């Protein structure tokens, strides 16, 4: 089952069609053989009934019976009620043709086949006698063998043609799907307006294509809305970013670096003292630490001066 699932959809459809065709052709071949066989048996039985009826009318005159049997050219016998042979033509050894079916032949018509491919008919006749006629089944067997040979050759050829036709039909049915797949493979962000081709027939494939086209339309609208949002957001963020850039560049000018004494730190691009420090202290952090030291030194000098009052 797994190996079958790995096959393409065309091959699986073809195998299913070939299997159904094989079963159908086998049933048709069997039906034809049985019908021909029944027809041949019916013809043989009809011929045997005609001969038996002709013999039954002449059973009282045995010489006439022998003449009729010789003219037919087929084995025949006239028996009494006990199964003894009264007249026999073209029967090897002169043995009775009816033994197991003798009781049935006394009551009515009996048709059966012997092991020598011979079909026999036995029926009661006037004078408490039994008429037995036989015919060869070789012609019937040859006809059936010829028919079977023709079917054994013709049915596989018909199955092969049916399989090829099934593959062609499956390929034609899946051709719209292949066209839609090829078009979908070429659709990109640059060709969002492209749509899938739809088959002419109003079937499941067309409804599938229409559903996919509606989905592509919704995706195109969504992409257009996203592009518009990004354009508006970039335009609105452009002015604040320019302001922040101007402020950051103005804080690190040469005059500012001379006042704070932080030329070296600005040149090397040092970070502020702490991660939480604001941008205002990025270039003046060292100056901010030195200013209190200078103030403390001036106070100490004033205290040490004798003329401080």
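Rule-based calculations on the coordinates, nothing more; no lab input. Predicted, not measured: the structure shown is a model, and the values here were computed from it. Methodologically, a virtual Cβ is constructed for each residue, glycine included, from the backbone with ideal geometry; neighbour enumeration extends over all protein chains shown.
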Original post:
Counting other C-beta atoms within 10 Å, which of 163, 249 has the fewest, and how do the rest follow?
Top reply: 249, 163
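Classify segment 74-130: rounded, prolate or oblate, from the alpha-carbon gyration tensor (a ≥ b ≥ c, eigenvalue square roots; a/c under 1.5 rounded; otherwise prolate if a/b is larger than b/c)? Mind dumping the intermediate values first?
On the way: a/c = 1.83, a/b = 1.21, b/c = 1.52.
Oblate, because a/c is 1.5 or more while a/b does not exceed b/c.
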Original post:
Using only Cα atoms, what Kirkwood radius does segment 106-160 have, in angstroms?
Top reply: 13.9 Å
**OP:** Using only the alpha-carbon atoms of segment 122-203, report the extent along each of the three principal axes, biggest first, to the nearest angstrom.
**Re:** 106, 25, 14
Original post:
When the scattering of segment 2-156 is computed by the Debye formula from its Cα atoms alone, each counted once and equally, what is log10 I(q)/I(0) at q = 0.21 Å⁻¹?
Top reply: -1.22
Subject >> Linear extension gain, residue 232 paired with residue 101, 0.36 nm per residue minus alpha-carbon span >> reply: 36.4 nm
Original post:
What is the diffusion coefficient of segment 179-226 in µm²/s, taking the Kirkwood radius over Cα pairs and the Stokes-Einstein relation at 10 °C with a viscosity of 1.306 mPa s?
Top reply: 141 µm²/s
**OP:** Normalising by the residue count of segment 2-156, find the relative contact order in percent from Cα pairs under 8 Å and 6+ residues apart.
**Re:** 23 percent
Original post:
Between segment 13-27 and segment 138-186, what's the alpha-carbon centroid distance in Å?
Top reply: 8 Å
